[in-house]
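Starting off with a structure, shown below.
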Amino acid sequence: MAAARGEFSSRFGFVMAAAGSAVGLGNIWGFPTQAASNGGAAFLLVYLVLAFTLAYPVLMAELIIGRFAHSNAVNALRRISPTPASGRVGVSVGVVGIVVASLILSFYAIVAGWMIAFGLSSGANLLGMNALADWLTSFSLSGNLLFMGIFMLMTIGIISAGVGGGIERWSARLMPLLLITLVSLVAYVLTLEGAMDGLKVYLLPDFERALSPKLIIAALGSAFFSLSLGVGTMLIYGSYISDRENLTALGGLVTLVDISIAVTAGFLVLPAMYAALASGVQIFTEGGALISEDTLIFTVLPELFSTMGLAGLIVSITFFFLMSIAALTSSISMLEVPVAFAIEEYGLARKKAVFIIGGLIAVASAVILLNFDTLFGLVVTVTTRYAQPLLGLCFCIFAGWLWRRDAILQELKKGNPEVAQGVFWKIWPWYIRFVCPVIIAAIFVQSLWG
Ligand code: PHE
């Protein structure tokens, strides 16, 4: 028999956990680098508009379905389906979501391992252990395997403690720490020479670029990945919210926190890049494009830190510590997706489920590491560019077309009796039915041909 279901004990706990899931490498690494290479403030503007108009409605669909069913995605989608046939489609969507969440974790753990290794490397430098420091940043196979494994063990440790004692407790500790670290780093970087140039790029929009299809697609994908949508993560977190809570307000708050942290991270990364430029680090190619867009954090930033002497080492440790925390509060939300399914559908004990599934995902990460050149990019692209938008589209169809509208309203009324009179209920049902699916389909088609 499965144990009683966990529940978040407080509103704060849920917001920290869901915001912890949303805020991750996508916000602190993905968003600012994309902003830097897509017209700065123009990208910021488009991102803000899309996050509120597209990502928030899909987030709400996942939260409402999850809380209604108080169950994993597979069972939840089956339950809201009107016919046995659509129920089978629901089960398939849920299962694909579980596989995709696990695959995302398998590459995420590798990147998170680099963050830990880079942080430790600066620590080793500080202690004068230069050979160790060099090895830590060499991306060697043994190092990659080791730090991926350490990161997976931390994720497994937290998830094995369950919803209240693991997810909620650790998110509530780590998220405030992340905020403090982020704000202190921003304050420091803004004092560096050259930082103001970065600030200008970030805040003065180049409107010609704001309207380019490439930028809009990039901003959409970024918003979607950033809010952890499509793979059932938010659905399962929604399923742990108490019936007394006001879902529309909670979803809005999570969106707000996620976006604010991405925007704040822009105040760190763009000024840091231009500070690096001012201290002689090359950040643009001859053609004016950003060099090493994806690996920016591992190339440009360490070079900047190394021009700053002792202070640079401390800033570097703090920065990579920040990245590791952000990654951890996201990775736990990914692992919870298959774990909740195994517990609820197969009656496995939590600890057993966590160790088996976490172990399998670590093996998948090791396979990716052993075949890095062929697999890494492939898994990232398939999961984030194709699977996430397509699954998001399915959630819109379930919430907008298949689930009975009065059941949705009943669910929303639980923590918010006046919801039927509010703006949300006037716009959202129609919006999730037509606007979201069309836009997501458009991104998908674009990314196939673009
Ligand atoms: N939102 C996370 C980030 O920004 C990534 C993520 C995707 C988390 C899917 C959970 C599920 O890094």
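Largest first, what is the accessible-area ranking of E345, E411, E303, E193 with a 1.4 Å probe?
The residues order as E193, E303, E345, E411, largest area first.
Next question. Hey, what did the chain get for relative contact order, percent, Cα under 8 Å, at least 6 apart?
With pairs under 8 Å counted, the relative contact order is 33 percent.
Using Cα springs under 10 Å in a Gaussian network model of the chain, which residue among F424, F14, F376 shows the largest mean-square fluctuation?
F424
While we're looking at this one, here's another question. Give the distance, in whole Å, between the Cα centre of region 265-338 and the Cα centre of region 40-60.
23 Å
Then there's this: Reachable lysines from K413, Cα under 16 Å, same-chain residues fewer than 8 places away excluded?
By straight Cα distance, K413 reaches K426.
In debye, nearest 20: dipole of the chain around its Cα centre with unit charges on the Cβ of K, R (+) and D, E (-)?
Roughly 1400 debye, rounded to the nearest 20.
While we're looking at this one, here's another question. Tally up the carbon and sulfur contribution to the accessible surface of the chain as a whole percent, 1.4 Å probe, everything protein left in place.
69 percent
Positive end of the dipole of the chain, charges at C-beta (+1 Lys, Arg; -1 Asp, Glu), about the Cα centre: which of A36, G20, V89 has its Cα farthest in that direction?
V89
Hey, another quick one. Obtain the nm distance between the two label points defined at I356 and W430 by a simple spin-label model: each point lies 7 Å from its Cα along the Cα-to-C-beta direction.
Distance between the two pseudo-spin positions: 4.8 nm.
Got a sec? What order do W425, W403, W449 fall in by accessible area at 1.4 Å, biggest, i.e. largest, first?
Reading off the accessible areas and sorting them downward yields W449, W425, W403.
Also, quick follow-up: If you stretched the chain out fully between V367 and L253, how much longer would it get, using 0.36 nm times the residue separation minus the C-alpha to C-alpha distance?
Going from the current span to full extension adds 37.2 nm.
To the nearest 0.05, what FRET efficiency results for K413 and A85 with a Förster distance of 35 Å applied to their C-beta separation?
0.75
Just to be sure I understand the model, the point goes 7 Å from the Cα along the line to the Cβ. What's the resulting L132 to Q446 distance in nm?
Result for the modelled spin labels: 4.8 nm.
Follow-up question, since we're still on this one. How far apart, in nanometres, would the label points at A289 and Y346 be if each is projected 7 angstrom from Cα along the Cα-to-Cβ direction?
Rounded to a tenth, the inter-label distance reads 4.4 nm.
Moving to a separate point now. Once fully extended, how much extra length lies between R173 and D243, figured as 0.36 nm per residue of separation less the alpha-carbon to alpha-carbon distance?
22.8 nm
Just reorder V49, V186 by solvent-accessible area, largest first, 1.4 Å probe, all chains present.
Order by accessible area, largest first: V49, V186.
I'd like to know which of S121, T155, A399 lies farthest towards the positive end of the charge dipole of the chain, counting +1 on Cβ of Lys and Arg and -1 on Cβ of Asp and Glu.
Value: A399.
Can you find, among F319, L48, G266, the residue sitting farthest towards the positive end of the charge dipole of the chain, where Lys and Arg contribute +1 and Asp and Glu -1 at Cβ?
With unit charges placed on the Cβ atoms, the residue in question is L48.
Given the -39500 (n - 2.57) contribution per DSSP H run of 4+ residues, what per-residue ellipticity at 222 nm results for the chain, rounded to the nearest 500 deg cm²/dmol?
Mean residue ellipticity, 222 nm, calculated: -24000 deg cm²/dmol.
Now a separate question. How charged is the neighbourhood of V189? Take every other residue with its Cβ under 15 Å from the Cβ of V189, and add Lys/Arg as +1 and Asp/Glu as -1.
Local net charge: -2.
Using a Förster radius of 22 Å, what is the FRET efficiency between E193 and T299 based on their Cβ-Cβ separation? Nearest 0.05, please.
0.65
If you put +1 on each Lys and Arg Cβ and -1 on each Asp and Glu Cβ, how big is the dipole of region 109-258 around its Cα centre, in Debye rounded to 20?
That gives region 109-258 a dipole magnitude of about 180 debye.
Another question about this same structure. Taking the Cα centre as origin and putting +1 on Lys and Arg beta-carbons and -1 on Asp and Glu beta-carbons, what dipole magnitude results for region 245-388, to the nearest 20 debye?
340 debye
Does region 136-255 come out rounded, prolate or oblate by the C-alpha gyration tensor, with a ≥ b ≥ c the root eigenvalues, rounded set by a/c under 1.5 and, if not, prolate when a/b is larger than b/c and oblate if not?
oblate
To make sure I understand the rule: partners must be aspartates and glutamates, Cα under 15 Å from the Cα of K414, and not fewer than 8 residues away in the same chain. Which ones qualify?
K414 reaches D243, E245, D406.
For region 2-449, just say rounded, prolate or oblate: build the C-alpha gyration tensor, square-root its eigenvalues into a ≥ b ≥ c, call rounded for a/c under 1.5, and beyond that prolate if a/b exceeds b/c, oblate if not.
Prolate.
Still on this structure, please answer the following. Which helices pass in the chain if a helix is a full DSSP H run, must span at least 24 angstrom along its long axis by Cα, and must have mean Kyte-Doolittle hydropathy not below 0.0?
84-126, 141-160, 169-189, 247-278, 309-346, 350-370
The values are calculated or read from the model by the stated rules, or taken from the named source; none is laboratory data. Bear in mind the structure is a predicted one, so any value in this text is a computation, not a measurement. In this analysis, Cβ positions are derived from the backbone assuming ideal geometry, glycine residues included, and neighbour counts consider all displayed protein chains. The protein model used for the area step is the full one, side chains on, heavy atoms only, and it has no ligands, DNA or RNA in it. Shrake-Rupley method; radii C 1.70, N 1.55, O 1.52, S 1.80 Å.
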